[in-house]
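The values are calculated or read from the model by the stated rules, or taken from the named source; none is laboratory data. Please read these numbers as outputs of a predicted model, since none were measured by experiment. Quick reminder, even Gly has a Cβ in these numbers, built from the backbone with ideal geometry, and neighbours come from all protein chains shown. Heads up: the accessible areas ignore ligands, DNA and RNA and are worked out on the full protein's heavy atoms, side chains in. Shrake-Rupley method; radii C 1.70, N 1.55, O 1.52, S 1.80 Å.
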Amino acid sequence: MNLLEMKNVTKRFGGLTAVSSVDFEIEKGSITGLIGPNGAGKTTIFNLITGVYKVTEGKITFDGKDITNKEPYMIADMGITRTFQNIRLFKKLSVYENVLTACQYNANYSLFEAMLYLPRCRKQEKQLKEQAENLLEIMGLIDRKDFIANNLPYGLQRRLEIARALSLNPKLLLLDEPAAGMNPDETAQLMNLISDIRKKFDLSILIIDHHMDLVMGICEKIMVLNFGCKLAEGTPIEIQSNPKVIEAYLGVEG
Amino acid sequence: MDAYIQGILILSGINLMAVLGLSLLTGFTGLFSFGHAGFMAIGGYTAAAMTVKYHMPFIPALLIGAIAASFVSAIIGALTLKLKGDYFCIATLGFGEATRLILDNVQYFGGARGWPGIPAYTNLTNVVIINIIAIVLLANLIRSKHGRNMIAVREEELASQIAGINVFKYKLISLMISAAYAGIAGGLMAHYMTFLQPKMFALTKSTELTIIVIFGGLGSISGSVLGALVLTSLPEILRAFSNWRLVIYGLAVIIIMITRPEGLMGGYEFTPQSMKKLFSNLKGKRLKSSEGRE
């Protein structure tokens, strides 16, 4: 079954067509890769799915519901969340506060209950704090709980951003270049982490990355974009031997 | 207590009430407002109208003033909070000045001449009680998920949206609560001065409030309390220097901004836990230094 479907999606910025009639599906429970040369429109697709940009033409459905041009926070509530190419944490807050802030999908106490600190607020706050600590435990960040996010080493900042995304209990997680700036060792760790997350949290993942060993290693399906158009789609082996993909990445012989 | 000292404390308390509201908006949600004197004016004139023209008791009159200020802020917010960048700040500046000019011309409230004969209901006891309630409510709010959402909006808007936070809604809630606090401050002021004049709510009042919030430290309720007490009483303590006192006041603000740009408290709070931590840190340091000597 398809979790996410993009039908004929186009995005234009004035005269520039960043994404041009792309059709694309993500199967439930899969890890899908999105690759392409710089400026191919990969991050634009993420921005379209999460509602940061408005779609010019076409339709995006998630879990059978139309999410085209919904506000980002609504889409997040429905179960799609993401990380950013240039990490966007709540920099001045602690690791724990970063996760706790996003941990709120089943806390529904009102503003007045909060201001008067009524029992329902107390009970739900306690649950949220437990959830946040559990998640930090799973992600191996619990011993750095009180660190200020900005002071974490780069690799852990990436990990914290994934932890924050997971605290929304998403069905679909979009990772925008999670391995950027990582050495081969860290990349291998990240690969393990991503497959772990899928099993533990029962979700589907879409990854943009330029590390071919990562993308080819963990993705079951890959889509290749070039100049905003879909160039190819298939399993890693099909993509590696596709002449059009090789041409886009390496150029034509002679 | 000396009536003079009492007067200074009441004025500090009135300022504190407005500063607490502004602290939520500026310190915790990251929105700057230069129109909070306008919300004070709306709260003050509404509360005074309730007690003078409708002979209402003091507390309900204050609450109606707060609701009026909050209602007006909702209209301003709905129109301007979707704008990016500093436009909200400029809109509040315009709103504050417009409110003052409109009141200058409303003869029902005495116009520019002012409005005397408001009953003197405000005293030190009710100012202190109201401020304590206001601080407790605000502290509870900030510790809750709603408060965390506001802080998230201050830190990183896009990431907040992706985390499922309705940025516009939380900005609006913050503004409305903030305006309600300012409205109560206005009501307290009207019933302390027993006289209202639009001039009391000029731009300088708004900037004074913002200065106090920044002086005390953005993102700290304790800082706002400290800032309101210090900066309201400072010009009075310095009265002996007559004309030079406002220069000293200005210097004090500049020195704090240069030596401690994060403000007096800089995001920290006075709580039993934080005090304990501070003392144990100090003890630890002293132990270390004495060990070093041996």
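Within region A:52-96, the set of residues being under 28 Å from A:ALA179 (Cβ atoms) and small (Gly, Ala, Ser) comprises A:ALA76, A:GLY79, A:SER94. Residues that are more than 25 Å from A:PRO178 (Cα to Cα) and modelled with pLDDT of 90 or more do occur in region A:21-31. Of all residues in region A:207-254, those satisfying the criterion of being open to solvent by 70 Å² or more (accessible area, probe 1.4 Å) and closer than 20 Å to A:SER20 by Cβ are A:PHE227, A:LYS230, A:LYS244, A:GLU247, A:TYR249. Inclusion of B:ALA252 among residues that are among the small types (Gly, Ala, Ser) and open to solvent by less than 50 Å² (accessible area, probe 1.4 Å) is warranted. Among residues of region B:215-226 that are assigned to a loop (DSSP other than H, G, I, E, B), those with a Cβ under 8 angstrom from a residue that is among the acidic types (Asp, Glu), sequence gap 6+ or separate chain, pair up as B:GLY217/B:GLU262; B:LEU218/B:GLU262; B:SER220/B:GLU269. I need the full set of residues from region B:75-106 which are buried (at least 16 other Cβ atoms within 10 Å of the Cβ), under 20 Å from the mean Cα position of the chain (by Cα) and aliphatic (A, V, I, L, M), in order please. Across region B:75-106, the qualifying residues are B:ILE76, B:LEU81, B:ALA91, B:LEU93.
Given the options A:LYS42, A:LYS59, A:LYS65, name the one that is open to solvent by 40 Å² or more (accessible area, probe 1.4 Å), touching a strand residue (DSSP E or B) at 6+ places or on another chain (Cβ under 9 Å) and more than 14 Å from chain B (Cβ to nearest Cβ). Write out each step before concluding.
Numbers: A:LYS42 fails: open to solvent by 40 Å² or more (accessible area, probe 1.4 Å); A:LYS65 fails: touching a strand residue (DSSP E or B) at 6+ places or on another chain (Cβ under 9 Å).
Going through A:LYS42, A:LYS59, A:LYS65 in turn, the sole match is A:LYS59.
Being more than 14 Å from the chain's Cα centre (by Cα) and more than 19 Å from A:ASN106 (Cα to Cα) is a property that B:ILE162 lacks.
Each residue in region B:146-170 was checked for being free of Cβ contacts under 8 Å to residues at least 24 places away in the same chain, hydrophobic (A, V, I, L, M, F, W, C) and open to solvent by 30 Å² or more (accessible area, probe 1.4 Å), and 1 pass. Among all residues of region B:46-56, there is at least one that is at pLDDT 95 or above, open to solvent by less than 10 Å² (accessible area, probe 1.4 Å) and closer than 19 Å to B:ILE129 by Cα.
Figure legend. Inter-residue proximity from region A:112-126: first residues more than 10 Å from chain B (Cβ to nearest Cβ), second residues open to solvent by less than 20 Å² (accessible area, probe 1.4 Å), beta-carbon distance below 6 Å, spacing 6+ or different chains. Indicated pairs: A:ARG120/A:TYR109.
For region A:5-16, the tally of residues that are touching a strand residue (DSSP E or B) at 6+ places or on another chain (Cβ under 9 Å), of a type outside the set (Lys, Arg) and closer than 17 Å to A:VAL52 by Cα stands at 3. Among the residues of region A:75-88, those identified as more than 7 Å from every other protein chain (Cβ to nearest Cβ) and either in contact (Cβ under 8 Å) with a residue 24 or more places away in the chain or open to solvent by less than 80 Å² (accessible area, probe 1.4 Å) (or both) are A:ILE75, A:MET78, A:GLY79, A:ILE80, A:THR83, A:PHE84, A:GLN85, A:ILE87. Answer yes or no: is there a residue in region B:188-211 that is among the polar types (S, T, N, Q), within 14 Å of another protein chain (Cβ to nearest Cβ) and in contact with a Leu (Cβ under 8 Å, 6 or more places away or on another chain). Within region B:188-211, none of the residues are among the polar types (S, T, N, Q), within 14 Å of another protein chain (Cβ to nearest Cβ) and in contact with a Leu (Cβ under 8 Å, 6 or more places away or on another chain).
Scanning region B:107-128 for residues that are in contact with a Phe, Trp or Tyr (Cβ under 8 Å, 6 or more places away or on another chain), small (Gly, Ala, Ser) and open to solvent by less than 40 Å² (accessible area, probe 1.4 Å) returns a single hit, B:GLY114.
The lone criterion from (1) small (Gly, Ala, Ser); (2) crowded, with 20+ Cβ neighbours inside 10 Å; (3) touching a residue at least 24 places away in the same chain (Cβ under 8 Å) left unmet by B:ALA202 is number (2).
Among the residues of region A:10-25, which ones are touching a residue at least 24 places away in the same chain (Cβ under 8 Å) and either hydroxyl-bearing (Ser, Thr, Tyr) or surrounded by fewer than 23 Cβ atoms within 10 Å (Cβ to Cβ) (or both)? Explain how you work it out, then say what you get.
Here is the first cut: in region A:10-25, the residues touching a residue at least 24 places away in the same chain (Cβ under 8 Å) are A:10-12, A:17-24.
Of everything in region A:10-25, those that are touching a residue at least 24 places away in the same chain (Cβ under 8 Å) and either hydroxyl-bearing (Ser, Thr, Tyr) or surrounded by fewer than 23 Cβ atoms within 10 Å (Cβ to Cβ) (or both) turn out to be A:THR10, A:LYS11, A:ARG12, A:THR17, A:ALA18, A:SER20, A:SER21, A:VAL22, A:ASP23, A:PHE24.
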